[in-house]
Amino acid sequence: MSTTEENRTDTPTPQQLAFVEDFALVLERMGLVRMTGRAAGWLLISDPPEQTFGQIADALQASKGSISNALKSLVTMRWVDKTSKPGDRRDYYSIRPGVLPELTRKQSTMYSDLTAMSSRGLALFDDPNGKEAARLREMHEFFVWMGKELPALIDRWDAERKSS
């Protein structure tokens with residue numbers, strides 16, 4: 001492969017760009033910066049799956065600063081792996097395989113913290129089962145349920161993936 005081929009970036013199709021934008025909007029509604037969502041969306045559909053900083057910036061037609069911030073966020077959140085290749089000074093970015101089940105499993109541990117915190121809040125009420133505590137009690141019950149169900153759900157996902 002010539003150096004020109006290695007550096008070549010195919011221009012994304014309008015359909016690919018629409019997907020990237022829609023994906024970014026979904027993640028933005030979840031609290032992420034839109035460019036972070038765009039970078040993640042592009043890495044989900046790019047060919048090859050490992051992209052250099054320059055390839056991502058070219059595909060998304062975005063400033064180096066915004067791409068840099070987006071990739072730093074994605075690497076920090078562990079959605080994206082940053083790797084290098086022997087003899088190549090460039091970094092390559094790719095979506096981590098199995099990232100969502102892994103992150104969801106780690107996130108499930110936060111429900112024990114939320115359960116403990118909501119228990120402390122319920123203890124502030126004279127009657128934790130009374131009407132005044134209903135909002136917090138509902139939240140507490142949900143945290144207890146999620147803490148129990150989420151790990152089992154991920155285990156089921158893993159089992160189904162292995163059997164197919």
(request) Would you check if Gln55 is modelled with pLDDT of 95 or more, out of contact with any Lys or Arg (no Cβ under 8 Å at 6 or more places or on another chain), of a type in the set (S, T, N, Q) and surrounded by 11 or more Cβ atoms within 10 Å (Cβ to Cβ)? (result) yes
(request) Scan segment 96-115 and give yes if some residue there is part of a helix (DSSP H, G or I), under 30 Å from Asn69 (Cβ atoms) and of a type in the set (Gly, Ala, Ser), otherwise no. (result) yes
(request) Examine segment 105-122 for a residue that is under 30 Å from Leu44 (Cβ atoms), out of contact with any Phe, Trp or Tyr (no Cβ under 9 Å at 6 or more places or on another chain), surrounded by 14 or more Cβ atoms within 10 Å (Cβ to Cβ) and not charged (D, E, K, R), and state whether such a residue exists. (result) yes
(request) Determine whether segment 76-85 contains at least one residue that is under 24 Å from the mean Cα position of the chain (by Cα), part of a helix (DSSP H, G or I), under 30 Å from Gly41 (Cβ atoms) and at pLDDT 95 or above. (result) yes
(request) Report, by residue number, each residue of segment 48-72 that is part of a helix (DSSP H, G or I), under 17 Å from the mean Cα position of the chain (by Cα) and within 19 Å of Gln16 (Cβ to Cβ). (result) Ile67, Ala70, Leu71
(request) Could you please give the count of residues in segment 2-46 that are in a loop (DSSP other than H, G, I, E, B), on the phi < 0 side of the Ramachandran plot and modelled with pLDDT under 95? (result) 7
(request) May I ask you to say which residue of Pro128, Pro151 is over 25 Å from Leu44 (Cβ atoms) and without any contact (Cβ under 8 Å) to a residue 12 or more places away in the chain? (result) Pro128
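The values are calculated or read from the model by the stated rules, or taken from the named source; none is laboratory data. These figures come from a predicted structure and were not determined experimentally. FYI the Cβ positions are ideal-geometry reconstructions off the backbone, even for glycines, and counts take in every protein chain you see.
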